[in-house]
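K.L.:
My questions will all concern the structure given below.
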Amino acid sequence: MNTAVNIIRSRAVVLSQANIDTDRIIPARFLSTTIRTGLGEHAFADWRKRADGSVDPEFALNRPENAGRSILLAGRNFGCGSSREHAPWALTDAGLRAVVSSQVADIFRANALKNGLVPVVLDEAVVQSLMQRPDDELEIDIAAGELRTPDGQRHAFALDAFARTCLLEGVDELGYLLARGADIQHYETSHRESSHVV
Amino acid sequence: MTTPRTLFDKLWDAHVVVPETAAAPAVFYIDLHLIHEVTSPQGFTELASRGIAPRRPDLTKATLDHSTPTLPADAAGELPYHKPEAKAQVERLRENCKAHGIEIFDLGSAQRGIVHVIAPELGLTQPGMSIVCGDSHTSTHGAFGALAFGIGSSEVGHVLATQCLLQRKPKTLAITIDGELGEGVGAKDVVLHVIQQIGVNGGTGHVIEFRGSTVRAMSMESRMTLCNMAIEAGARAGLVAPDDVTFEWLSRTPRAPQGRAFDAAVKRWRTLATDDGAAFDQEVQVDARRIAPAVTWGTHPGTAIGVDQRVPEPADAAEAKAQAYMGLHAGAAIAGTPVDVVFVGSCTNCRLSDMRDVAGVLAGRRVHPRVRMLVVPGSEQVKREAEAEGIDRIVRAAGAEWREPGCSMCIAMNGDLVAPGQLAVSTSNRNFEGRQGPGARTLLASPLTAAASAVAGVVADPRTLAATEAA
Ligand code: SF4
């Protein structure tokens, strides 16, 4: 069950590179788990630590001034690659609540929404300008569908109506589907002959 | 008159349980749910926490592939798991399947293998179906004219519980490929070329239908390679309309309808083509005659060039960074780059035709002493059929390793790793930084190019090697 979320207020962590893939977000060697918690320490593992195992102090998420920030400003096509939900699990466990990018990959977006991680898609130029001022406190308003900056700019972002309701009301998608049991039953009865799985 | 529909439209319409509205996505029915050990445990846990059982265990099929060793069991029958967590995942899936009556193609089963290889082999994958798996390369099954896509673990739970997903209708993209492929050029080269053209995000939000004379002339194996990598262009799914090639494949599978039922099914399957005049949201044309054997120079699959070309000047800082990571230099010919590892395998290129391609190159030749080469068949069936043709002996005689089926070095979860800094030519689908192990550098290529590079010890053009006589 998701908890309801409406306003996210934070300064941003910037990862400006385009095409940050899910192997970057959480490398496959951390997928050998049967639970969904505790993955935050492995988020961006191969950027956080150097090859010799030492912490890279230059990496954005390791910098002390970025501690506690919950908005990630990322380059275009964030979350491409694998369908691993471990990616949003790792990000939310690391304290992130929203990803702002000019494009978010399809499966990652669906996975993110199921975990209360808000994908905020804005024009590339807007994302670039926000990246210049990571110390501005941003305000993401889910009900209004806009991201606001301290100097009064308001950037509207599109969010599927259902996704918005789920975020605002903490609607549980599985509960919603389970409530459609009668429709599913009817479908199964009327389409029986087209299914061949044996 | 009814409106002409695309293949995708037909597949979509047939699976809508509750239509989408502005306020809510469609409730979409799933005919076949494939599960594996890595992305399913959390889905089962979700059901258990709500006290519900899977709705259609009969439509759910399980296999073990990602975490499993590709080395055989020891004398005591113990498999060499790379870490205890991998074994725990395997055991968890077994328990979950047993508890809920789900068929599992377990270790030791003659039908086990990479999930996207075994379902088509068994004939579980059929035209007209909707198929999902907690795995992005589920797009592979689209080669049969099934709407197949990857989902996350929460969605695995949704499908287990309700056999449905909440889905917004994606857009359609037609990629029409025409013309005859040149010598040494195959489906992998075609799809790398396509991704380079449209970009790794070119398919985002879309389902791709691959069309045209080149696609029609392709075997099922090649069509699977094509659809497999649709996800690398960001697409929701890839599709090829079913035809006689598809039906011929299915007629040899144990789980497709048999006898009269098969004939009736073929009749239905024939209707699954895009109608004349149906509109796609986007269209792209590709001239197959211009495609050369492809290799990638960067750290995403959209960086293919012809193997006879030079590494391009970086267009931006990200490309410069990628080239630095890869240890490649702009302006240098990519052929001739020293290679440490060659990996033949993964759901992209691990089927019998791929094994034959590799054996054709390796027969009478030796893998270069610098190179470690792993050949990993995609399934027990591929392994069996390849061994019946003596391919394992050719591979071993050339100095390469012939392994047990599984994902292996494609995702490097099972201990099969490329060492930091090593350069691998791989027939898999992702060359992301660290995909094949921390610090590993990956060039994506076809089985022919991979095998030619293994022999040469450097990135090599399979067309050139073909000209040199085997010993
Ligand atoms: S072979 Fe690679 S891409 Fe295919 S299912 Fe396994 S890990 Fe995924």
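K.L.:
Whether any residue in the range A:150-163 is part of a helix (DSSP H, G or I), within 14 Å of another protein chain (Cβ to nearest Cβ), at negative phi and crowded, with 20+ Cβ neighbours inside 10 Å is what I want to check.
P.N.:
Yes: one or more hits.
K.L.:
Something else about it: Quick one: would you say A:Arg24 is under 25 Å from A:Arg76 (Cβ atoms) and more than 9 Å from chain B (Cβ to nearest Cβ)?
P.N.:
no
K.L.:
If you don't mind, there's one more thing I want to ask. Among the residues of the range B:112-125, is any crowded, with 22+ Cβ neighbours inside 10 Å, within 16 Å of the ligand (Cβ to nearest atom) and facing chain A (nearest Cβ under 7 Å)?
P.N.:
Looking for residues that are crowded, with 22+ Cβ neighbours inside 10 Å, within 16 Å of the ligand (Cβ to nearest atom) and facing chain A (nearest Cβ under 7 Å), one finds at least one in the range B:112-125, hence yes.
K.L.:
May I pose another question? Would the range B:272-287 turn up any residue that is within 20 Å of B:Leu444 (Cα to Cα) and among the hydrophobic types (A, V, I, L, M, F, W, C)?
P.N.:
No, because not a single residue in the range B:272-287 is within 20 Å of B:Leu444 (Cα to Cα) and among the hydrophobic types (A, V, I, L, M, F, W, C).
K.L.:
(1) part of a helix (DSSP H, G or I); (2) more than 7 Å from every other protein chain (Cβ to nearest Cβ): which one isn't true of A:Thr37, the others all being true?
P.N.:
Checking A:Thr37 against (1) part of a helix (DSSP H, G or I); (2) more than 7 Å from every other protein chain (Cβ to nearest Cβ), the one that fails is (1).
K.L.:
Being part of a helix (DSSP H, G or I), under 25 Å from A:Leu39 (Cα atoms) and of a type in the set (Lys, Arg) narrows it down to one residue among A:Arg109, A:Arg84; which is it?
P.N.:
Among A:Arg109, A:Arg84, only A:Arg109 is part of a helix (DSSP H, G or I), under 25 Å from A:Leu39 (Cα atoms) and of a type in the set (Lys, Arg).
K.L.:
I'm told B:Asp135 meets every condition in (1) more than 7 Å from chain A (Cβ to nearest Cβ); (2) within 14 Å of the ligand (Cβ to nearest atom) except one. Can you identify the failing condition by its number?
P.N.:
Every listed condition holds for B:Asp135 apart from (1).
K.L.:
With B:Ala233, B:Ala278 as the choices, which residue is over 18 Å from B:Val215 (Cα atoms) and surrounded by 13 or more Cβ atoms within 10 Å (Cβ to Cβ)?
P.N.:
B:Ala278
K.L.:
Additional query: Within the range B:370-382, can you find the residues that are assigned to a helix (DSSP H, G or I) and surrounded by 24 or more Cβ atoms within 10 Å (Cβ to Cβ)?
P.N.:
Passing the criteria: only B:Val382.
K.L.:
Which count do you get for residues in the range B:48-90 that are over 26 Å from the mean Cα position of the chain (by Cα), more than 9 Å from every other protein chain (Cβ to nearest Cβ) and buried (at least 17 other Cβ atoms within 10 Å of the Cβ)?
P.N.:
So the count comes out to 1.
K.L.:
Taking the range A:79-109, which residues are within 10 Å of chain B (Cβ to nearest Cβ) and hydrophobic (A, V, I, L, M, F, W, C)?
P.N.:
Hits for the range A:79-109 are A:Cys80, A:Ala87, A:Trp89, A:Val104, A:Ala105, A:Ile107, A:Phe108.
K.L.:
Can you list the strands (runs of 3 or more DSSP E) found entirely within the range B:290-353 that contain at least 1 residues being within 16 Å of the ligand (Cβ to nearest atom), among the β-branched types (Val, Ile, Thr) and in contact with a Pro (Cβ under 6 Å, 6 or more places away or on another chain)?
P.N.:
So the answer is B:341-344.
K.L.:
Counting only residues that are free of Cβ contacts under 8 Å to residues at least 40 places away in the same chain and of a type in the set (A, V, I, L, M, F, W, C), give me the helices (runs of 4 or more DSSP H) lying completely in the range B:185-275 with at least 3 of them.
P.N.:
Here the list reads B:259-269.
Laboratory data are not the source of any read-out in this text; all were calculated from the coordinates shown. Given the structure is predicted, the values throughout are model-derived calculations rather than measurements. So basically every Cβ, Gly included, is an ideal-geometry build from the backbone, and we count neighbours across all protein chains shown.
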